[in-house]
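Right, one structure below, let's go through it.
The values are calculated or read from the model by the stated rules, or taken from the named source; none is laboratory data. A quick note: this is a predicted structure, and the numbers were derived from the prediction, not measured. Here the Cβ positions follow ideal geometry from the backbone for every residue, glycine too, while neighbour counts run over all protein chains shown.
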4 protein chains.
Amino acid sequence: MVEQKTVAKSRSVNRVVKSAPYEPGGKAPATRRRLLDAAAFVLAEKGFTGMRLSDVGEVAGVQAPAIYYHFNNKEELAGEVFITGLVRSRATLEEVLALHENDDALDRLAVAIDAHVRLSARQTVYGRAWMHRSTGDVPEAVEQMCQSDERAYARVWTQVLSNAHSDGFLRGDIDLKTAQQMLLGALNSISFVTRAGRALDVDGLVRSAQTMLLSGLSETQRAWPLLAESEVVDPF
Amino acid sequence: MVEQKTVAKSRSVNRVVKSAPYEPGGKAPATRRRLLDAAAFVLAEKGFTGMRLSDVGEVAGVQAPAIYYHFNNKEELAGEVFITGLVRSRATLEEVLALHENDDALDRLAVAIDAHVRLSARQTVYGRAWMHRSTGDVPEAVEQMCQSDERAYARVWTQVLSNAHSDGFLRGDIDLKTAQQMLLGALNSISFVTRAGRALDVDGLVRSAQTMLLSGLSETQRAWPLLAESEVVDPF
Amino acid sequence: MVEQKTVAKSRSVNRVVKSAPYEPGGKAPATRRRLLDAAAFVLAEKGFTGMRLSDVGEVAGVQAPAIYYHFNNKEELAGEVFITGLVRSRATLEEVLALHENDDALDRLAVAIDAHVRLSARQTVYGRAWMHRSTGDVPEAVEQMCQSDERAYARVWTQVLSNAHSDGFLRGDIDLKTAQQMLLGALNSISFVTRAGRALDVDGLVRSAQTMLLSGLSETQRAWPLLAESEVVDPF
Amino acid sequence: MVEQKTVAKSRSVNRVVKSAPYEPGGKAPATRRRLLDAAAFVLAEKGFTGMRLSDVGEVAGVQAPAIYYHFNNKEELAGEVFITGLVRSRATLEEVLALHENDDALDRLAVAIDAHVRLSARQTVYGRAWMHRSTGDVPEAVEQMCQSDERAYARVWTQVLSNAHSDGFLRGDIDLKTAQQMLLGALNSISFVTRAGRALDVDGLVRSAQTMLLSGLSETQRAWPLLAESEVVDPF
DNA sequence: CATGAATGAGGGTTCATTCAT
DNA sequence: GATGAATGAACCCTCATTCAT
């Protein structure tokens, strides 16, 4: 009842990267790359369940069954899209952080935010595809494929944040786990501002994000009012 | 009447809430409510495309075709779920804001954040269902159904934010549109912290959210470093 | 494989006319009549498979389930429509023939044609409904219900035709069975000329039918040319 | 490409006949032909609404969904059946008429009747399928698909009839439109005599049809009696 | 490497039919 | 006598997947 529907029997779930037919010179790797890009594109727009292999094929310029030469099934294709996105994001992040290795922990946090926004702004579909992963639209199996990379990616942020925290740069009254979640939630939501595609002021976006998340919306310092549970009525 | 089958018969398109006035004896409204709740539940977990009417039926305790007695089709069902969620959220928000009518604009913003978090924390599936709407998983038709309610909901936040802004409470270097998007992105992402379902410290969550969003993550005040576009390399 | 699909289990197939609840004064008989008319109407437009009980109900001004108080199921309803139409047609025919009892057999044939056309022209939906019966759209069970009435109706024509034949009024080189089929085929097809609904010259129609069928299209008398089987090629 | 699902993708809407030029090796055209034949067969027996794609598949020796490789949907399949039948009938008719180009207009009419009957007698299911089209059982969309071919077919008859008329071969007191309708109605009804499938005397059938329609049922020439409207009572 | 052709499982939707009221 | 509410069987259609070529 209401369970995840597994997609087919997937002959060899764990052989993630079909390595055999990879002899350089063939056009297979190119097609494989095109398929990943196409899948990311469709995934970003429609989510996993909404992604039709025929659409992916169309975008990539091949017929749907051709996908099966490069990937074992839909789940694996989606999984690799997610992983690719995560790996790229992490690489970008780590690279930038490496460049700012000697900055203090707070500047490094600001720089991480900057890098994230800039990457999003470049419309990388992989990022938008990834957003769907968090919606439960993606089957368990795919989620498991990505787990390690997801954690690795999250760890980078956790690291940056906890460094800033232990170096005394962060407010004491904030739960770090929650903060990270909200931080990424806020950053990811930016892609929706971006979406319209009009030429946009990336530097402005970055500044807004940094300011809001690091310095807060308000300059005024005060204790924020807290409601009583009973004040918030859930209207049926 | 007796015409060539058209696409939708629009029996109850606009009967959105209509709660009380059913003469006793009819159990339709009860079932209808159960169906909405069930749909919200499934929608929250699987998204629109992943939602099977049979699942909705099962959760609601009826057979799938019974849904068609209450809604014209899957899209309408989903649409009413979204609308219901939006309407409830807005009502809650407005009620709380009304209670704090005389607070200054900044406190009212804090109070709005508080109310939102509290509502999310109560696990209202309607909220989580709503998150899927932004993923493109939902067909155009449904999106159009919700448009007006969505805008009405957004307007409440826009109002609160712009009041705070015009009263001089917000930092000058923040784009209001972006700020609102990030604010809501951050708030919505909280439901994922919540997800595990363990007993949670709602007051703590609220405080974290308020502090982070209003006062910022850091107590230190400084100009944040800005990367050059070229520093952020997109690794293919 | 490709067999007639019987509609449900039909508790009592042979109890054709539910006789019990017939106490005069109740409004049941009136509704029953309205249902028959409505069914004839829908049947005439959509055929048996295309007829939805909900449509019949709508036309009759009741809900679909109400039908089950008056008829055991869809098949029985349709069957009675057909029978009603047949009985009426036969009655009309016989009445007219009785009025012309003393005419010679050929005039009686002409008169029968006249009566048929006039009835059709009055748009009696029962007649149009009947046309569908011959298309195989109607399940066996219904066909059996009507069989005796159908035969009785056909017999009237057979009688008229064979009288004309044995009285030496008809051409010798015509197969009577085929002639009757074509005669009725031609007459029924008139309802399609009629269909447009514009005011029509019934007397003209009658004359055309009589002349064409009795005197033939052509005044010229000659032996008609006959093709060789091989001349008619079926182009695949 | 990758858009919100629309109602029909119109892959092969206009590829109506296209018989020969498929490079050998593709078995699609063969299957397509089998599907058309199967559909015609089922259509002839059950009508459009009664035709189940599963039945069509079974008759054609494929699974139902395979149909969607060759046709966009049920309507298109039915439409092409109708069109195929019409095109073939017209082709046959025109061919025969071409062979008798130099006969006088009346003989050409006789020959057309002959060809029609002979085609019907060969049981071409396409013809019987076509009869259903006139019953209203067929959705508007399908009717529109066939419209032009239907008119083209009718035009052949109209031509033959009007030629005979203007050459002075037809009786003056007959409405040509009505005559054509009755003529075709009569001819089509022949397929019901044929139906039983027993070995039949096609030449006899042809002669009966020609004689009855051209020379009339009766050899006696007289003015036919006309009823008064009031003589024909519609018995409720 | 890729496609043409087909399959099988399932999902949305319709509709005759039931039954308690 | 008739309706409100629901069911179950089927039907059209979609889509991931296969396999021979």
Quick check, is A:Thr158 part of a loop (DSSP other than H, G, I, E, B) and among the β-branched types (Val, Ile, Thr)? no
For the stretch A:54-76, does any single residue satisfy the condition of being among the charged types (D, E, K, R) and more than 16 Å from DNA strand F (Cβ to nearest atom)? no
Counted residues, the stretch A:81-112 - those being closer than 30 Å to A:Val56 by Cα and at the interface with chain B (Cβ under 10 Å from one of its Cβ atoms): 8
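Of the residues that sit in the stretch D:208-228 and are polar (S, T, N, Q) and out of contact with any Phe, Trp or Tyr (no Cβ under 9 Å at 6 or more places or on another chain), which one is surrounded by the fewest Cβ atoms within 10 Å (Cβ to Cβ)? Even if it seems obvious, please write down each step before you answer.
From the stretch D:208-228, those polar (S, T, N, Q) are D:208, D:210-211, D:215, D:218, D:220-221; that's our starting set.
Still in the running and out of contact with any Phe, Trp or Tyr (no Cβ under 9 Å at 6 or more places or on another chain): D:208, D:221.
Values: D:Ser208: 24, D:Gln221: 9.
Looking at the filtered set, the residue picked out is D:Gln221.
Residues in the stretch C:216-233 that are within 17 Å of D:Met212 (Cα to Cα) and either facing another protein chain (nearest Cβ under 7 Å) or touching a strand residue (DSSP E or B) at 6+ places or on another chain (Cβ under 9 Å) (or both): how many?
9
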Could you give me the residue pairs with C-beta distances under 7 Å whose first residue belongs to the stretch C:214-236 and is at pLDDT 80 or above, whose second residue is loosely packed, with under 12 Cβ neighbours inside 10 Å wherever it lies, and which are 6+ apart or on separate chains? C:Ser215/D:Gln221
Lone qualifier among A:Ala39, A:Ala78, A:Ala44, A:Ala66 - being away from chain B (no Cβ under 12 Å) and more than 16 Å from DNA strand E (Cβ to nearest atom): A:Ala78
Just give me the residues in the stretch B:181-211 being at pLDDT 90 or above, closer than 17 Å to A:Val232 by Cα and more than 7 Å from every other protein chain (Cβ to nearest Cβ), in sequence order. B:Leu187
